[in-house]
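Following: one structure in structure tokens, then a few remarks.
The values are calculated or read from the model by the stated rules, or taken from the named source; none is laboratory data. Small disclaimer: the values here were computed from a predicted structure and weren't measured. Virtual Cβ from ideal backbone geometry, glycine too; neighbours counted across all protein chains shown. Note: accessible area is taken over every heavy atom of the protein model, side chains too, but ligands, DNA and RNA are not part of it. Shrake-Rupley method; radii C 1.70, N 1.55, O 1.52, S 1.80 Å.
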Amino acid sequence: MAPGSAYMANPVMSSGHSTIVTMFGLRCEKEIERLDPQLDDPTFIHSLYNDQPIFVGDTQIVRPRKPKFAWHFDDLKFGILDRQTKVFFCLFPFFAR
């Protein structure tokens, strides 16, 4: 950096939240706007459950007739939770660990 120039290592928004967390929230909002209309679409629901098999232990989770979806954060991972089967579909991890 040039002498006399400024650098902000972790900028903070006026709300008190770090800029990166604010950007994460805005990204989650965009995912909700994009996917919310599809949560009742049978083709979308089929793709969630059938594009890759879901196992708990040795038991494969099958798609329920009427899943109960809710937007959900699991730590810093954002996605869709099926409250009926307790399956979490991660859409956007804040940090992949």
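Taking 0.36 nm per residue of sequence separation and subtracting the Cα-Cα distance, how much length would be gained by fully extending the chain between ALA2 and CYS90, in nm to one decimal?
Taking 0.36 nm per residue and subtracting the Cα distance, the gain is 27.5 nm.
How much accessible surface does LYS66 have with a 1.4 Å probe, in Å² rounded to 10?
Near enough 150 Å² of accessible area.
With all pairs of different alpha carbon atoms counted, what Kirkwood hydrodynamic radius in Å does the chain show?
The answer is 15.9 Å.
Compute the relative contact order of the chain as a whole-number percentage, counting only Cα pairs closer than 8 Å that sit 6 or more residues apart in sequence.
15 percent
Could you give the size of the charge dipole of the chain about its Cα centre, using +1 on the Cβ of each K and R and -1 on the Cβ of each D and E, expressed in debye and rounded to the nearest 20?
With Lys and Arg at +1 and Asp and Glu at -1, about 160 debye.
Per DSSP H run of at least 4 residues, take -39500 (n - 2.57); add these up for the chain, divide by its residues and hand me the 222 nm value, nearest 500 deg cm²/dmol.
Theoretical 222 nm ellipticity from helices: -8500 deg cm²/dmol.
Can you tell which of PRO3, LEU76, LEU35 lies farthest toward the positive end of the dipole of the chain, using +1 and -1 charges on the Cβ of basic and acidic side chains (Lys, Arg; Asp, Glu)?
Towards the positive end, the residue furthest out is LEU76.
Probe of 1.4 angstrom, ligands and nucleic acids ignored: what's the accessible area per residue over the range 27-67, in square angstrom?
Solvent-accessible surface per residue comes out at 79 Å².
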